Amino acid sequence: WDPERRTAILQVSNLPVVPQDKDYQLWVVKGKQPVSAGVFSVSGSEANFFKIENLAVTNPKEISAFAITLEPKGGVSQPTGAMYMAGSPAL
């Protein structure tokens, strides 16, 4: 995670394969408000790496959590699907 460049590398593993009509969506939680950080899909349970660019929230003090949900293909403006991961950043 590089706040100055507004980029991050996301590593996930052991997530279920995404159905054709769905994507996983990464969220940056600012306070209690989720902000989309991009969508991705996985094709197997092995580790997958994704480069996240143009993070909307970059001040580490403003980020209370990261989360991954399963959403309709292409993503949504606010989370609607099942949450597969949530965690607080270690600063």
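The values are calculated or read from the model by the stated rules, or taken from the named source; none is laboratory data. Please read these numbers as outputs of a predicted model, since none were measured by experiment. Backbone-built Cβ (ideal geometry, glycine too); neighbour counts: all protein chains shown. Surface areas here come from the heavy atoms of the whole protein model, side chains and all, with no ligands, DNA or RNA. Shrake-Rupley method; radii C 1.70, N 1.55, O 1.52, S 1.80 Å.
Residues with amide H under 5 Å of Val18's amide H, sequence separation 5 or more or different chain, H placed in the peptide plane at 1.01 Å from N; which?
Sorted by chain and number, the residues that satisfy this are Val42.
Scan (i) 15.2, 51; (ii) 12.6, 36; (iii) 15.0, 46 for the value of Rg and Dmax of the Cα atoms in Å calculated from this model and give just the label.
For Rg and Dmax of the Cα atoms in Å, the calculated option is (ii).
Under a point spin-label approximation (7 Å from Cα along Cα-to-Cβ), what is the Glu4-Ala47 distance to one decimal in nm?
Placing both labels 7 Å beyond Cα along the Cβ direction yields 2.6 nm.
Taking H placed 1.01 Å from N in the peptide plane, check which residues at least 5 places from Ser64 or on another chain put their amide H under 5 Å from its amide H.
Placed amide hydrogens put Val29, Lys30, Gly31 under 5 Å from Ser64.
Using a probe of 1.4 angstrom, how much of the accessible area of segment 1-83 is carbon and sulfur, in percent?
The computed percentage sits at 49.
For the chain, build the charge dipole from Cβ charges (+1 Lys, Arg; -1 Asp, Glu) around the Cα centre, then report which of Ser41, Leu10, Phe66 sits farthest towards its positive end.
Positive-end residue among those listed: Phe66.
Once phi is turned into θ = phi - 60°, what whole-Hz ³J(HN,Hα) does the Karplus curve with 6.51, -1.76 and 1.60 give for every residue of segment 50-65, x standing for Gly and Pro?
Taking θ as phi minus 60°, the curve returns 9, 8, 9, 10, 6, 4, 6, 10, 10, 6, x, 6, 8, 8, 8, 6 Hz for segment 50-65.
Which trypsin sites (Lys or Arg not before Pro) from segment 39-79 combine a DSSP loop assignment with at most 13 other Cβ atoms within 10 Å?
Those satisfying the criteria are Lys73.
Return the sequence-ordered ³J(HN,Hα) values of segment 29-42 in whole Hz as given by the Karplus equation 6.51 cos²θ - 1.76 cosθ + 1.60 applied to θ = phi - 60°, using x for Gly and Pro.
The phi angles translate into 9, 9, x, 10, 9, x, 10, 4, 10, x, 10, 7, 9, 10 Hz.
Between Tyr84 and residues 5 or more places away or on another chain, which pairs have amide H atoms under 5 Å apart, with H built 1.01 Å from N, and which residues are they?
Ile68, Thr69, Leu70
With every protein chain present, what is the per residue accessible area of the chain (1.4 Å probe, Å²)?
62
Could you work out the local net charge near Gly75, counting Lys and Arg as +1, Asp and Glu as -1, over the other residues with Cβ closer than 15 Å to its Cβ?
Cβ neighbours under 15 Å give a net charge of -2.
So if I restrict to the alpha-carbon atoms in segment 27-66, what is the Rg, and what is Dmax, the biggest pairwise distance, in Å?
Using the Cα atoms of segment 27-66, the pair Rg, Dmax is 12.0, 34 Å.
Taking the Cα centre of segment 1-78 as origin and charging only Cβ (+1 Lys, Arg; -1 Asp, Glu), how large is the dipole, in debye to the nearest 20?
So the magnitude is around 200 debye.
Grab the Cα-Cα distance for Ala82 and Val17, subtract it from 0.36 nm times how many residues apart they are, and report the gain in nm with one decimal.
Extending this stretch completely gives an extra 22.0 nm.
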